[in-house]
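*Asks:* Here it is: the structure, laid out below.
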Amino acid sequence: MTVAQSMARSAFVRLVGALAVTASAPMLAQAADKEIRIGQTMPYSGPASAYGVVGKVQAAYIDMINEKGGVHGRKIRFISLDDGYAPPKAAEQVRKLVEQDNVHAVFGSVGTPGNMAVHKYLNTKKIPQIFLLSGAAIWNEYDKYPWTIGWQPDYATEGQIYARYILKEKPDGRIAILYQNDDSGRDYLKGFKEALGAARVRDMIVAEASYHVSDPTVDSQVVKLQASGADVLFTHATPKFGAQAIRKVAELGWKPLHIISNTTNSVKGALTPAGLDRSQGLVSAFYIKDPGDPLWHNDADYKEYATFLTKYAPGVDPGEVLATYGYLTAQGLIRVLEQCKDDVSRENIIRQARNMNFVPGMILPGIRVETSPTIGVPIRSMQLGRFEGSNWKIFGDVITAAQ
């Protein structure tokens with residue numbers, strides 16, 4: 001397949017098709033002034049496959065940009081490979097993107113485990129690793145890993161937000177914690193416990209339980225936590241395990257104040273499988289407009305978003321919050337490439353990724369994307385929401401990392 005033919009295929013077809021798009025080094029060199037090669041890995045299969053919609057929407061957004069002529073006359077060749085949410089597979093696929101496809105940047109990959117498996121390699125190779133959908137605190141270590149930049153609020157900050165809410169709402173609460181046993185879970189716990197303070201950690205946290213993504217269920221962990229007598233439960237999980245936890249809590253007749261992490265608050269990906277009746281009263285934190293909430297359906301941002309999906313990703317439900325993550329990060333990518341102008345070198349891509357200040361469509365009011373050479377977290381604000389009926393209801397003020 002020639003480069004011209006591969007460019008003619010849509011990003012969405014390349015995403016789901018069986019053909020691998022590759023080209024020889026000389027051909028890539030000849031095409032350098034005509035295309036921008038962006039790669040990623042995404043869990044289209046495996047225990048976190050619900051996140052696959054993120055990659056599909058990112059690909060569809062790039063299709064739209066290419067149809068309009070690309071960025072400064074260059075088309076984007078987007079290569080999105082399945083990593084199954086398995087770090088070894090992510091490492092294998094990223095090496096292929098770098099060493100065979102010669103990508104300009106790795107963009108928008110989902111999950112802490114896979115991104116952790118490749119970030120040292122990408123920094124050694126000086127390949128931009130931008131706008132990761134993972135809130136691991138390490139992405140903000142710009143001095144150690146200058147070629148990596150996250151996207152969403154870091155997990156430690158989010159954990160602090162939940163702890164402060166508990167201190168306000170249930171200062172005498174007995175807290176149980178369920179978390180994924182990896183760097184993301186440890187970051188959540190670190191921030192959560194820092195905000196409580198050492199004395200309250202001793203007095204308020206009565207039980208902790210972790211799970212591995214290879215576990216079949218978290219039922220036994222939830223049973224253990226319920227037996228602790230806790231009246232507050234904080235759950236950090238991916239959608240599959242978050243749904244299991246919500247369902248098991250209801251089956252046990254346990255009625256704690258249940259706070260769930262941003263990683264598992266998708267109505268379609270987690271709450272619907274768990275049962276909306278079992279999800280009432282859940283609390284979580286957000287930085288995007290919930291596309292499933294009718295509150296936003298007359299909003300100009302939502303109308304533009306829904307129109308885009310109808311045309312470029314007709315199989316994706318506009319009400320799926322994970323689709324909105326793909327939509328936001330794709331806007332960030334295009335913003336960076338536009339700022340690059342005629343210089344799409346890897347050095348300039350990461351330079352522009354660290355020089356952003358804009359408000360993308362579908363972000364909550366009062367929140368913006370802002371970076372600098374010393375800021376590695378583009379979004380640093382969130383707002384709490386409570387699940388009522390069939391939607392999340394936002395409440396309270398916007399909370400930033402500095403607060």
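The values are calculated or read from the model by the stated rules, or taken from the named source; none is laboratory data. Since the structure is predicted, the reported quantities are computational estimates derived from the model, not experimental observations. With ideal geometry, Cβ positions are generated from the backbone for all residues, glycine too; neighbour counts draw on all protein chains shown.
*Asks:* Could you please let me know if Thr324 is modelled with pLDDT of 95 or more, of a type in the set (Val, Ile, Thr) and crowded, with 22+ Cβ neighbours inside 10 Å?
*Replies:* Yes; evaluated as a whole, the condition is true for this residue.
*Asks:* Quick test of your reading of the structure: Lys341 fulfils all but one of (1) modelled with pLDDT under 95; (2) over 19 Å from Leu133 (Cβ atoms). Name the failing condition by number.
*Replies:* (1)
*Asks:* So in segment 75-134, with the set limited to residues that are of a type in the set (Lys, Arg) and in a strand (DSSP E or B), which one is farthest from Glu338 (Cα to Cα)?
*Replies:* Arg77
*Asks:* With Tyr121, Tyr211 as the choices, which residue is more than 16 Å from the chain's Cα centre (by Cα) and closer than 30 Å to Val344 by Cα?
*Replies:* Step by step, each of Tyr121, Tyr211 is checked, and only Tyr121 is more than 16 Å from the chain's Cα centre (by Cα) and closer than 30 Å to Val344 by Cα.
*Asks:* When both residues are 6+ apart or on different chains and their Cβ atoms are under 7 Å apart, which pairs have a first residue that lies in segment 172-201 and is under 21 Å from Gln244 (Cβ atoms) and assigned to a loop (DSSP other than H, G, I, E, B), and a second that is modelled with pLDDT of 95 or more and small (Gly, Ala, Ser)?
*Replies:* So the pair list comes out as Asn181/Ser210.
*Asks:* So which residues in segment 353-403 are of a type in the set (S, T, N, Q), at pLDDT below 95 and surrounded by fewer than 16 Cβ atoms within 10 Å (Cβ to Cβ), if there are any at all?
*Replies:* Passing the criteria: Ser372, Thr374, Ser390, Thr400, Gln403.
*Asks:* Let me ask something else about it. Would you pick out the residues in segment 337-357 that are under 19 Å from the mean Cα position of the chain (by Cα) and outside any helix (DSSP H, G or I)?
*Replies:* Answer for segment 337-357, where residues must be under 19 Å from the mean Cα position of the chain (by Cα) and outside any helix (DSSP H, G or I): Arg354, Met356.
*Asks:* Oh, and also: Please find, among Pro153, Pro113, the residue that is at pLDDT below 95, under 20 Å from Phe241 (Cβ atoms) and crowded, with 19+ Cβ neighbours inside 10 Å.
*Replies:* When all the criteria are applied, what remains is Pro113.
*Asks:* Among the listed residues Gly39, Gly46, Gly52, identify the single one that is in the same structural domain as Pro113 (by TED's automatic domain parsing), part of a loop (DSSP other than H, G, I, E, B) and at pLDDT 90 or above.
*Replies:* Gly46
*Asks:* Select from segment 135-144 the residues that are in a loop (DSSP other than H, G, I, E, B) and touching a residue at least 40 places away in the same chain (Cβ under 8 Å) and write down the one among them that is nearest to Asp187 (Cα to Cα). If you could, list the steps in order and put the result at the bottom.
*Replies:* Of the residues in segment 135-144, the ones in a loop (DSSP other than H, G, I, E, B) are 135-136, 141-144.
Now narrow it down to the ones that are touching a residue at least 40 places away in the same chain (Cβ under 8 Å): 135-136, 141-142.
Values: Gly135: 8, Ala136: 7, Glu141: 14, Tyr142: 17 Å.
Ranking the qualifying residues of segment 135-144, first place goes to Ala136.
*Asks:* Looking at segment 304-317, can you tell me whether even one residue there is surrounded by 21 or more Cβ atoms within 10 Å (Cβ to Cβ) and either not in a helix (DSSP H, G or I) or not assigned by TED's automatic domain parsing to the domain that holds Leu133 (or both)?
*Replies:* Within segment 304-317, one or more residues are surrounded by 21 or more Cβ atoms within 10 Å (Cβ to Cβ) and either not in a helix (DSSP H, G or I) or not assigned by TED's automatic domain parsing to the domain that holds Leu133 (or both).
*Asks:* Answer with yes or no whether Ile149 is in a helix (DSSP H, G or I), within 26 Å of Leu328 (Cα to Cα) and under 20 Å from the mean Cα position of the chain (by Cα). I'd like the intermediate steps shown before the answer.
*Replies:* On the way: in a helix (DSSP H, G or I): no; within 26 Å of Leu328 (Cα to Cα): yes; under 20 Å from the mean Cα position of the chain (by Cα): yes.
Judged against the criteria, Ile149 is not a match.
*Asks:* Next question, about the same structure. Is there a residue in segment 177-195 that is over 30 Å from Tyr121 (Cβ atoms), touching a Leu at 6+ places or on another chain (Cβ under 6 Å), of a type outside the set (Phe, Trp, Tyr) and surrounded by fewer than 21 Cβ atoms within 10 Å (Cβ to Cβ)?
*Replies:* No, there is no match, as no residue in segment 177-195 is over 30 Å from Tyr121 (Cβ atoms), touching a Leu at 6+ places or on another chain (Cβ under 6 Å), of a type outside the set (Phe, Trp, Tyr) and surrounded by fewer than 21 Cβ atoms within 10 Å (Cβ to Cβ).
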